Each structure stands twice: as C-alpha cells, then as structure tokens.
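This report refers to the structure that appears directly beneath it.
What follows draws every value from the coordinates through simple rules; no lab data is involved. For clarity, every value in this text was computed on a predicted model and none was experimentally measured. Heads up, the Cβs are rebuilt from the backbone with ideal geometry, glycines too, and the neighbour counts pull from every protein chain shown.
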Amino acid sequence: MRFNKTRNKIFGAIFIFIVVMAFFFTPTGYYLEVPGSAEDTSQFVKVNGKQDKKKGNLLLTTVGIVSGTPFTLLKSLGNDFETIYSQEELMGNENSQQYFQVQQYYMKSATNNAIQAAYSKAGKPFTKKYLGVYIMDIMDNSAFKNKLQVGDTITSINNYHFKNSAQFINYVKKQNKKSTVKINFVRDGKKKSASGKLVKLADTKRYGLGITLTDNTQAKGNPPTKIDAGSIGGPSAGLMFTLQVYSQISNKDLKAGRTIAGTGTIAPDGTVGPIGGIEKKVYAASEMGATIFFAPDDPVTKEIKKYEPGYVNNYNLAKRAAKKIHTKMKIVPVKNLNDAINYLEKTKQSK
C-alpha cells in the first residue's frame, strides 16, 4: 500500500511537470508580434565599398514574430505592445518558409527603391534593370502549383519577353482560355522552364496562370551602393535606408551626432508609405535612445474610411504609442523623403 502511494505521488509529479512544460513551451499555432530591434543602417550600407563613419545613428526599426505558447499568449493579454495573430492572419495561404521568403523579397525591393530615391534626390546617375516578375503566391488550382515556387522570377512566356508586369498580365489576358503556355523562369540563379494550362481566376470571369506577382528590378548607382540587410525582411526599412544612402552619396551629415529612428516604405519617387506594427517600432526606438522618430503620415481617404471606419494612420498610432511609454522622443510625420531630409537639415542647424 505504501509503495502504491509513493508510485502515485511520482506519477502525479511527472504529470504536473508535463502540464507545466506544455504550458510554457507547446506551440499553439498562434504568433505574437512584439517589439523588435532598432538597427544602425550604416552597418548594412556600403558606398564605394565604405561604411558611414559619421557620428550618430540612422536606425531602422523592426517587429519580432515569435511562436505563441499558452504562457506567452496569456501573458500578452492587455499588453498594448504585443499582438496575437493566427497563422492565417499573419501569413495567409503561405507556410512559414514561404512567408519569410516573401519578406526577404520585400526587403530586396525596398533597397532597390531606396537606391533609386536617394540617387534621384542627390542628382546622381543610376540604372534600373528589369529582371522579370517575382512570384509571391500560387493558387491551389493553378496548373503551375507544383512546377513554380514562391520566389521564382518569370523571365518570359511563350518566348515573349516583357518590360514590366503589366505587359506580362496583358499578354496572358489575350490567350485562349484553353491555351497551354510555356514559362521560362529563374530559381536560385538557375534557368528553368515549365508548361501548363490556364485556369479560371477566383471571383472573375478571366483565365490566367493563377499566381500573384510583382515586378523584380535591380537598381545600380554611380558611385556603387550595396545594401545587405541580412536576415531582416519586409519593406518597412525603405525610408531609413534611403536617408542613409542619400547621406553618403551626397556627403551630407544628416545625423549630426543624433540618434534618429523611423519606419516607412519608400517608392522610387520618394513617397513614404505606411507599415504595420508601428507601435512596437516606437517602443524599440525609444529603448535604443532615439530622440527623433519618423512616422509615415499616410492620408486617410474616404475609400479607406468606407472599408475600415476605425482606421488610424501611422503617425497618429505612433503618437499614441509614444504617449503610453512616456518617451521624450519626437514623433515626426513624413509624407515623402523631402519631409525627412528637410526636418533633419533644419533641426541640425538649431541643435
């Protein structure tokens, strides 16, 4: 009898241990978006093979994506700087590998746009090369589902070479719905080809390849600029990379010894666009001692209000976040590259 009691206590202790371990470490299929890091852009950018050694920092900001456990999900409740997402909400139809691959493409696109915007602003020469269309997603009913992959770049269709994605789409539209088409594409630097029929596109009367795509371009400037963001993905570092590149190729000290952070996509013409998770980025920037934070001041149009009545733009979300953490960091609204440069030039003089 005493042996049974001892054995039951041991089994009970093991059971409790397993339950506790599961609570702290078992994946739930949900993810947490949390404050990430604030990284000095000078470490990622080289102009003529050299990094920027001027005093101060231009910080890109990130969010962290972590797999949620019962413990971390429970702990995050009520935390304004941690958001719970299901895998579908975060990644759509992509698996985690495809999701992070697409984020790497967004970063590549952002750095190309940053080079174009910075060289245009500085009046420096650059060239833009069109590589093809980059595959972002493939529909389940596509005939190319197991032939193409997210990350492939299509270079021609039926040996027709196009100069942008619009030309590619128009060519596909003109094909007979029963057509079989041949795709030439590049994967991991190797040329490949695949053939397949067109399929009916969801919620339309049109037929197509059943893929989501975007332009894949490469920008090169003179003097040459190389941006290597490593494992950081997404498009939101566009503005800060542009400021870093512009500062170096124009030989202008925008930093003036200051720690400046920010976020926002960048278009080749210098337009700054909104991003997600800006509250977490404000938090990360403040923790790194930034005194200035650039936030996209995206317009809230009637159309946006129609489909999302409670929409709040990035600038106002950033101001709310700054108020919650009681930071002295100045939140500065920017609509384009000129807004950011002009602010830094003006405040540098009064520093």
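Say we look at the stretch 65-96 and pick out the residues that are part of a helix (DSSP H, G or I) and within 15 Å of the chain's Cα centre (by Cα); which of these is surrounded by the most Cβ atoms within 10 Å (Cβ to Cβ)? Filtering first and then ranking leaves M91. Checking every residue in the stretch 213-220 against the condition of being surrounded by fewer than 23 Cβ atoms within 10 Å (Cβ to Cβ), under 30 Å from K178 (Cβ atoms) and of a type outside the set (S, T, N, Q) gives at least one match. Residues in the stretch 278-293 that are buried (at least 24 other Cβ atoms within 10 Å of the Cβ) and under 17 Å from the mean Cα position of the chain (by Cα): I278, K281, V282, A284.
Of all residues in the stretch 200-246, those being of a type in the set (S, T, N, Q) and either on the phi > 0 side of the Ramachandran plot or out of contact with any helix residue (DSSP H, G or I) (no Cβ under 7 Å at 6 or more places or on another chain) (or both) number 6. Restricted to the stretch 38-58, and to residues there that are touching a helix residue (DSSP H, G or I) at 6+ places or on another chain (Cβ under 6 Å) and assigned to a strand (DSSP E or B), the residue that is nearest to F294 (Cα to Cα) is L58. Residues that are among the acidic types (D, E) and outside any strand (DSSP E or B) within the stretch 136-193 comprise D140, D152, D188, listed in sequence order.
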